[in-house]
Amino acid sequence: MSLVYFILISFGLTQILVYGSIFNDVRPKEGFFGTLFGCPMCMGFWSGVFLWATNCYTDLFTFDYSPLTGLLLGCLGSGTSYVINMLFGDRGLRVEID
């Protein structure tokens, strides 16, 4: 269950950082950070790494502090944030028919 919590929190954090209107005035628009803050896959990686680094402050999930675990959780956050972002939009489930 802790992995499900991790995935959902990583997705939520990624969505807020990439699309949240509260960050519109401070979110970079150009350069490296502009690309990072505009990409759910990129931001999902760093959200996963952030959650791994701060997991001692919550009981929702607990992971060891090895660098490999941080890398793997970053990849998990990236992949799942991207997939969930592609499946769901502002109007619910995305259905595209070509």
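The values are calculated or read from the model by the stated rules, or taken from the named source; none is laboratory data. Computed from a prediction, not measured in an experiment: that's the story for all the values here. Please note: Cβ atoms are built from the backbone with ideal geometry, for glycine as well, and neighbour counts cover all protein chains shown. Side chains included, ligands, DNA and RNA excluded: accessible areas come from the protein's heavy atoms. Shrake-Rupley method; radii C 1.70, N 1.55, O 1.52, S 1.80 Å.
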* To do: Write down the accessible area per residue of the chain in Å², having rolled a 1.4 Å probe over the full set of protein chains.
  => 68
* Asked: Once you put a point 7 Å from the Cα of MET1 and another 7 Å from the Cα of LEU60, both along the Cβ direction, what distance in nm separates them?
  -> 1.4
* Return the carbon/sulfur percentage of the accessible area of the chain, one whole number, probe 1.4 Å, all protein chains in place. => 68
* To do: Treating the angle as unsigned and between 0 and 90°, give the value, to the nearest 10°, between the Cα long axis of helix 67-87 and the longest Cα principal axis of the chain.
  => 30
* Asked: Which value does Rg/Rh take for the chain over its C-alpha atoms, Rh per Kirkwood?
  -> 1.01
* **Cβ-isolated cysteines (cut-off 4.7 Å), the chain** => CYS56, CYS75
* Sorted from largest down, give the three principal axis spans of the alpha carbons of region 54-98, whole angstrom values. => 45, 21, 10
